[in-house]
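Have a look at the structure below before the remarks.
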Amino acid sequence: MTAPAPGARLVTTIVCAFGGELPTAQLAVFHRFEKRIARTGLRIRVRLFALDELPERFEILVVPPDLAERAPAVARGARIIVATRDDAPALADQLVHDLESGSAIYAEPADPHAPKIVTHRGMEEL
């Protein structure tokens with residue numbers, strides 16, 4: 001990973017958004033981005049939200065094609081990626097390449113010695 005360029009934006013949160021009920025295809029897109037980002041060793045959270053209930057802060061917004069027109073109104077300056085299940089792997093790889101190049105966006109490396117937060121539901125680890 002190279003040093004970030006002056007003016008490059010720090011990415012800490014990627015949101016995969018959906019509209020209405022969560023379609024299986026958009027869940028697959030979320031998992032693809034989540035797993036690809038996890039392999040990078042960067043300190044980035046990938047989250048799943050309805051387009052109408054987005055969190056306060058995020059830098060990348062991943063939406064399906066049917067929400068591409070509504071996304072700019074709620075993106076709050078975030079980079080928008082329009083992804084389908086079929087092109088999600090290539091788009092996730094391109095995003096990681098952009099993050100590692102540090103020209104427009106970058107992310108800080110995760111601390112390998114930081115405590116791991118684990119969530120449990122009953123006896124099951126989530």
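FYI, it's all coordinate maths here, none of it is from the lab. The structure displayed is predicted, hence computed values, not measured ones. Neighbour counts are summed over all protein chains in view; Cβ atoms, including those assigned to glycine, are modelled from backbone coordinates with ideal geometry.
Working note: 222 nm ellipticity from helices only, DSSP H runs with n ≥ 4, each -39,500 (n - 2.57), summed and divided by the residues of the chain, gives -8500 deg cm²/dmol to the nearest 500. Here the relative contact order of the chain, from alpha carbon pairs under 8 Å that lie six or more residues apart, stands at 35 percent. Shown for segment 1-46 is the translational diffusion coefficient from the Stokes-Einstein equation, using the Kirkwood radius over Cα pairs, a temperature of 25 °C and a viscosity of 0.890 mPa s: 198 µm²/s.
Pulled fully out, how much extra length does the chain show between Asp111 and Arg57, if you take 0.36 nm times their separation in residues and subtract their Cα-Cα distance?
Taking 0.36 nm per residue and subtracting the Cα distance, the gain is 17.3 nm.
In order along segment 53-63, phi translates into HN-Hα couplings of 10, 5, x, 4, 10, 6, 10, 10, 10, 9, 10 Hz, rounded to whole numbers, per the Karplus curve 6.51 cos²θ - 1.76 cosθ + 1.60 with θ = phi - 60° and x for Gly and Pro. Rounded to the nearest 20, the Cβ-based charge dipole of segment 13-111 about its Cα centre (Lys and Arg +1, Asp and Glu -1) stands at 180 debye. Take the Cα pairs of the chain, get the Kirkwood Rh, then feed it into Stokes-Einstein at 37 °C and 0.692 mPa s and tell me D in µm²/s. D, rounded to a whole number, is 215 µm²/s. Place +1 on the Cβ of every Lys and Arg and -1 on the Cβ of every Asp and Glu in the chain, take the dipole about the Cα centre, and give the residue among Val15, Ala73, Ala50 whose Cα lies farthest towards its positive end. Projecting each Cα onto the dipole axis, the largest value belongs to Val15. Working from label points 7 Å from Cα in the Cα-to-Cβ sense, the Thr12 to Ser101 distance is 2.6 nm. Of Gln26, Ala110, Ala90, which is farthest on the positive side of the dipole of segment 13-111, counting Cα position, with +1 on Lys and Arg Cβ, -1 on Asp and Glu Cβ, and the Cα centre as origin? So the residue we want is Ala110.
Most simply put, the chain has about 15% antiparallel DSSP beta bridges, counting only bridges with both residues inside it.
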